[in-house]
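A.B. asks: I have a structure I would like to understand better, so I am pasting it below and will then ask my questions one at a time.
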């Protein structure tokens, strides 16, 4: 079916919401203005129940359908609200007004599309059961979903299935991407502190060079993927920070390294963790440095369950057409929706953002042309799943 006529009518308003949120980005658990904006819109729409400060700064909106049903269901629709600590370079009229913070991952669009669906569903209520709209904080910190679950999100509202959606740069506008099974990676944060022995570069034999030790660690850990992980298994291990020393003519005493590992199966995840520990221990023994390793679990694998995936696929095809819903392979980014899909059967879908800058890029902007498709997807998902 084409885009819903009412969604087309609402489009200028939804775009205005999106751009207002974009201009006022807030980091995880600091989304006070955004949460207030969302809650005020939900009140205007006449949602049956609105809960603020849920999972610290999250917002819940509940809309009950008016169609009769012998066994009414409850589903959750989730959008994330937080921004990233990135300086925006788009130069757009609605660019971030908060220095060093921007919506570089499309959460402004996610929030606006779910608000648009809330507006429509509150007006029509052409479904049975209950739609629970979840406006989640702190996705970029990997802890917002957990905070909401700890506030008894699933039990308090009786959610039986949960659904998420995310903009996807490079996927054409008007298309969706989804597949059953693992769809996004588990991410684990790696922190390493090297304690060597600083000294004069003219007497290196009296030192333990922390830069040299750190370099050995990085090279050796890349070999883990090449030599220990099967070529048919997806995995990633990269370092994002390497800091040692602050001046010339001194071999530095310490070095700090931070990175992440990304995997799609528990077996590969545990294998890489084990090998990282063994590499650290071996290089510490060879070099004489003290090396402290911390591996912090972050997002789990986002796993699309069979029944919710079929429901999401059906709704997407209703909106975009049979040939515009693609089977997408897993991607090695993390998403804390994973914890919601562990708590209840769930499905996560990609919404095409067209030829835009990539996610987490200072030139990224959510494409407003995607709004009618994402908003209509949410509506059809509710009306199809809670049809009777």
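A.B. asks: Residue by residue through region 261-292, note down the ones that are outside any helix (DSSP H, G or I) and surrounded by fewer than 19 Cβ atoms within 10 Å (Cβ to Cβ).
C.D. replies: Within region 261-292, 265, 288, 290, 292 meet the criteria.
A.B. asks: Turning to a different aspect of this structure: Go over the candidates 144, 164, 116, 106 one by one and state the one that is surrounded by 24 or more Cβ atoms within 10 Å (Cβ to Cβ), touching a residue at least 40 places away in the same chain (Cβ under 8 Å), over 18 Å from residue 27 (Cα atoms) and in contact with a strand residue (DSSP E or B) (Cβ under 6 Å, 6 or more places away or on another chain).
C.D. replies: Exactly one of 144, 164, 116, 106 is surrounded by 24 or more Cβ atoms within 10 Å (Cβ to Cβ), touching a residue at least 40 places away in the same chain (Cβ under 8 Å), over 18 Å from residue 27 (Cα atoms) and in contact with a strand residue (DSSP E or B) (Cβ under 6 Å, 6 or more places away or on another chain), namely 164.
A.B. asks: Out of all the residues in region 221-237, which are part of a helix (DSSP H, G or I) and more than 20 Å from residue 283 (Cβ to Cβ)?
C.D. replies: Hits for region 221-237: nothing passes.
A.B. asks: Here's a check for you: in region 238-252, which residue that is in contact (Cβ under 8 Å) with a residue 40 or more places away in the chain and assigned to a strand (DSSP E or B) is surrounded by the most Cβ atoms within 10 Å (Cβ to Cβ)?
C.D. replies: Among residues in region 238-252 that are in contact (Cβ under 8 Å) with a residue 40 or more places away in the chain and assigned to a strand (DSSP E or B), the one surrounded by the most Cβ atoms within 10 Å (Cβ to Cβ) is 251.
A.B. asks: Any idea how many residues of region 93-103 are within 18 Å of the chain's Cα centre (by Cα) and surrounded by fewer than 24 Cβ atoms within 10 Å (Cβ to Cβ)?
C.D. replies: Selection size over region 93-103: 1.
A.B. asks: Specify the residue that is surrounded by the most Cβ atoms within 10 Å (Cβ to Cβ); the eligible residues are those in region 212-224 that are without any contact (Cβ under 8 Å) to a residue 60 or more places away in the chain and in contact with a helix residue (DSSP H, G or I) (Cβ under 8 Å, 6 or more places away or on another chain).
C.D. replies: If we take residues in region 212-224 being without any contact (Cβ under 8 Å) to a residue 60 or more places away in the chain and in contact with a helix residue (DSSP H, G or I) (Cβ under 8 Å, 6 or more places away or on another chain), then 221 is surrounded by the most Cβ atoms within 10 Å (Cβ to Cβ).
A.B. asks: Now for a different question. For region 1-92, list the strands (runs of 3 or more DSSP E) that sit wholly inside it and hold at least 2 residues that are free of Cβ contacts under 8 Å to residues at least 24 places away in the same chain and surrounded by fewer than 18 Cβ atoms within 10 Å (Cβ to Cβ); which are they?
C.D. replies: Strands (runs of 3 or more DSSP E) meeting the threshold: 49-54.
Bear in mind that the values in this text are calculations on the coordinates, not laboratory data. All figures in this text were calculated on a predicted structure; none of them were measured in a lab. Because the Cβ atoms are built from the backbone with ideal geometry, glycine has one as well, and the counts that use them run over all protein chains shown.
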